[in-house]
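The values are calculated or read from the model by the stated rules, or taken from the named source; none is laboratory data. Being a predicted model, the structure only gives us computed values, none of them experimental. In this analysis, Cβ positions are derived from the backbone assuming ideal geometry, glycine residues included, and neighbour counts consider all displayed protein chains.
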Amino acid sequence: MTLELSNKVEARGRSVADEDLSAVARVLGGDVEAFGDIVRRHERRMINIAYRITGNFEEACEVAQDAFVSAYGKLKSFKGASMFSTWLYSIVLNLSRNRLKKMKTRQSRETRSVDDPVPTAEGSVEAEPASDDPTALEELERKEVRRQVQGCIDALDVEFREVIVLRDVQGFQYDEIASMLGLAAGTVKSRISRARDSVRECLKKIMGVL
């Protein structure tokens, strides 16, 4: 990343942080509609995080909604010790983790047909490819790769799934991830390394890639 691009990213991050704090202050001051600004600013990413953790788009939408409701109810407890977005994403992470446990418990009690469709979030939380009009075949291939990668992420234990989603999918810095999860930075780096190795081995087995 060039210095100019890095500065732009940092400036954008500061701008979002300032907008968040302004919205929080307005909500606490009685302007409840200001919370809508927070939802619009973070909803897409919240759903994406929840989807990557749970592997189910409908569940992810519910988790994100629950996270916003929870954040609104706990807004007075936000003391500014971390960025508001860090505080907000830690809520969706915790709820995603709990929802995943419930999903696994429910699935263990149900018999699922091998012919059941695999739920996806195609076009809902992922950005459009930055290429010039890909052919239908190219788009299908890309969707298949994304599906396989998500499948390998789904196979990870939740503690490894969380860190690789936050770092390699969402692009958070190590210290941000450590703050969200309440872990030491060294633990985060170790888990990311192990998660990447597991995903790499998984993809190698099913797709023949290194």
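Below is a table of values for the structure above.
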| read-out | value |
| --- | --- |
| Residues of the stretch 60-87 satisfying the condition of being touching a residue at least 60 places away in the same chain (Cβ under 8 Å) and either among the hydrophobic types (A, V, I, L, M, F, W, C) or assigned to a helix (DSSP H, G or I) (or both) | Ala60, Met83, Phe84, Ser85, Thr86 |
| Any hit, the stretch 166-184, residues being of a type in the set (Val, Ile, Thr) and at pLDDT 80 or above | yes |
| Set Arg97, Arg44, Arg52: member being surrounded by fewer than 16 Cβ atoms within 10 Å (Cβ to Cβ) and either modelled with pLDDT of 95 or more or in a helix (DSSP H, G or I) (or both) | Arg44 |
| Test result for Ser90, hydroxyl-bearing (Ser, Thr, Tyr), outside the structural domain of Arg161 (by TED's automatic domain parsing) and not in a helix (DSSP H, G or I) | no |
| Tally, over the stretch 179-197, of residues that are surrounded by 15 or more Cβ atoms within 10 Å (Cβ to Cβ), part of a helix (DSSP H, G or I) and aliphatic (A, V, I, L, M) | 5 |
| Residues located in the stretch 138-178, provided they are part of a helix (DSSP H, G or I), surrounded by fewer than 15 Cβ atoms within 10 Å (Cβ to Cβ) and not hydrophobic (A, V, I, L, M, F, W, C) | Glu138, Glu139, Glu141, Arg142, Lys143, Glu144, Arg146, Arg147, Glu159, Asp175 |
